[in-house]
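Every number in this text was worked out from the coordinates using simple rules, so none of it is lab data. The model shown is predicted, which means the values in this text are computed figures rather than measured ones. Note: ideal-geometry Cβ built from the backbone for every residue, glycine included; neighbour counts use all protein chains shown.
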Amino acid sequence: MKIAVWHNLPSGGGKRALHSQVTQLLRRGHTVEVWCPESADSTYLPLSDVTVEHRLPCKVGKDRRRSLARRLQTVTRPASDPLLDAMNAHSRTCAEAIQQGDFDLVLVAPCLFYRVPRIGYFLKGHGIPVILYLQEPRRWIYEAQPELPWIAPRASEIPTNTYSPAYWRYVLKDYFRTAEMRVEARREVEDAKRYSLILVNSIFSRESIARVYGLEARVSYLGYDSQLFLNRREPREDFILGLGSMDFIKGVDTAIETVALLPVHRRLPLIWVANSGDARYGAQMKKLADERGVDFTVRQRIDDESLVDLLNRCRLLLYTSRLE
């Protein structure tokens, strides 16, 4: 088959999954050609090393201010957002190139900005099956991290003087924040409906799609690279390994608190391998580890050889991601 692929992925598990999918499709004799915006990570497992990858511009307008006027426009005219304009223009260009390329199938991976990519909107109705391999919905809208973003504020957070400018600034900010999330959620579910098929990596993810979008997805399990992730039968060393971006959803705090439960004389160092993350959360985790007496080290953006080496030497792999 002749397969077109689109993605806008950062480094991490989603990019590893897509890289493996493309590599295996090529090994099975299919022709694969890739499109992505310049915002996609090109240094982590680059697809350009295995096939043709078209990196096209995605130019965002200068007016990205979160002023009251911009928020009002976003809510009353949802299609006016500069980032959305840029992604629409990019997706339209990619869709036109794919339509002219006589492809049998389009495989779409998630979007860094919108999770469900806009390209499905521009490819629907052109006779080409378009399949979305979706790792997860836009979780921060639908999940507590650590609280749901749209629940009512605490009474202590609201200015008490209803006649003060501070009170009305708070009311308007809260209204537009909630309204913007509603607009984003509506766009996401409508875009998801435009795909011929949604594939997910687990039954849990299938249930997440049903819960958030009301749509059926099909489970297509991921494999692993048996030539890379080898058990070298090396002697195990006294440290614990954690994996995942330095974010709340990866449960780094859970890992630290768990290691802290071990008796001091048996408390092993915790090495955390992260591809990206929130610097403020990382500082909080370092402080938490110091308070709990946990020897905590973060390794950022290590190569695959170093990762495999750590996996072969660690006493234990501790995986603490929330709702994954």
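Using the rule -39500 (n - 2.57) for each DSSP H run of four or more residues, divided by the residues of the chain, the 222 nm mean residue ellipticity is -12000 deg cm²/dmol. Fully extending the segment from Trp150 to Ser226 would add 23.0 nm, taking 0.36 nm per residue of separation and subtracting the current Cα-Cα distance. For Glu291 and Leu317, a Förster radius of 30 Å and the Cβ-Cβ distance give a FRET efficiency of 0.80, rounded to the nearest 0.05. As a calculated quantity, the FRET efficiency between Met1 and Asp85 at R0 = 56 Å, using C-beta atoms, amounts to about 0.95. Taking a point 7 Å out from the Cα of Ala283 in the direction of its Cβ, the residues of the range 232-250 whose backbone N falls within less than 18 Å of it are 246-248. For Val32, the residues whose modelled amide H falls within less than 5 Å of its own, excluding neighbours fewer than 5 places apart on the same chain, are Ile3.
Each label point was placed 7 Å from the Cα along the Cα-to-Cβ direction; for Arg218 and Gln300 their separation is 4.1 nm.
Sorting the segments 29-38, 198-207 by their residues' average number of neighbouring beta-carbon atoms within 10 angstrom, most packed first, yields 29-38, 198-207. The slack in the chain from Val189 to Ser20, taken as 0.36 nm per residue of separation less the alpha-carbon distance, amounts to 58.1 nm. Ignoring lysines fewer than eight residues from Lys287 along the same chain, the ones with Cα atoms less than 29 angstrom from its Cα are Lys250.
Using 1/(1 + (r/R0)^6) with R0 = 35 angstrom and r between the beta carbons of Leu112 and Arg233, what's the FRET efficiency to the nearest 0.05? Approximately 0.35, to the nearest 0.05. Here the relative contact order of the range 168-251, from alpha carbon pairs under 8 Å that lie six or more residues apart, stands at 19 percent. Computed extension gain for Ala166 through Arg211, at 0.36 nm per residue and net of the alpha carbon distance, reaches 12.5 nm.
Only one item in (i) 19.9; (ii) 16.0; (iii) 27.1 matches mean projected area of the Cα convex hull in nm² derived from the coordinates shown, and that item is (i). Here the dipole of the chain is about 720 debye; that uses its Cα centre as origin and unit charges on the Cβ of Lys and Arg (positive) and Asp and Glu (negative). Normalised by the number of residues in the chain, the average gap of Cα pairs under 8 Å and 6 or more apart makes the relative contact order 14 percent. Relative to its Kirkwood radius, the Cα radius of gyration of the range 181-324 gives an Rg/Rh of 1.06.
Couplings 3J(HN,Hα) of the range 285-297, computed from phi: 5, 5, 5, 4, 4, 4, 5, 8, x, 9, 6, 10, 10 Hz, in residue order, whole Hz [Karplus 6.51 cos²θ - 1.76 cosθ + 1.60, θ = phi - 60°; x for Gly and Pro].
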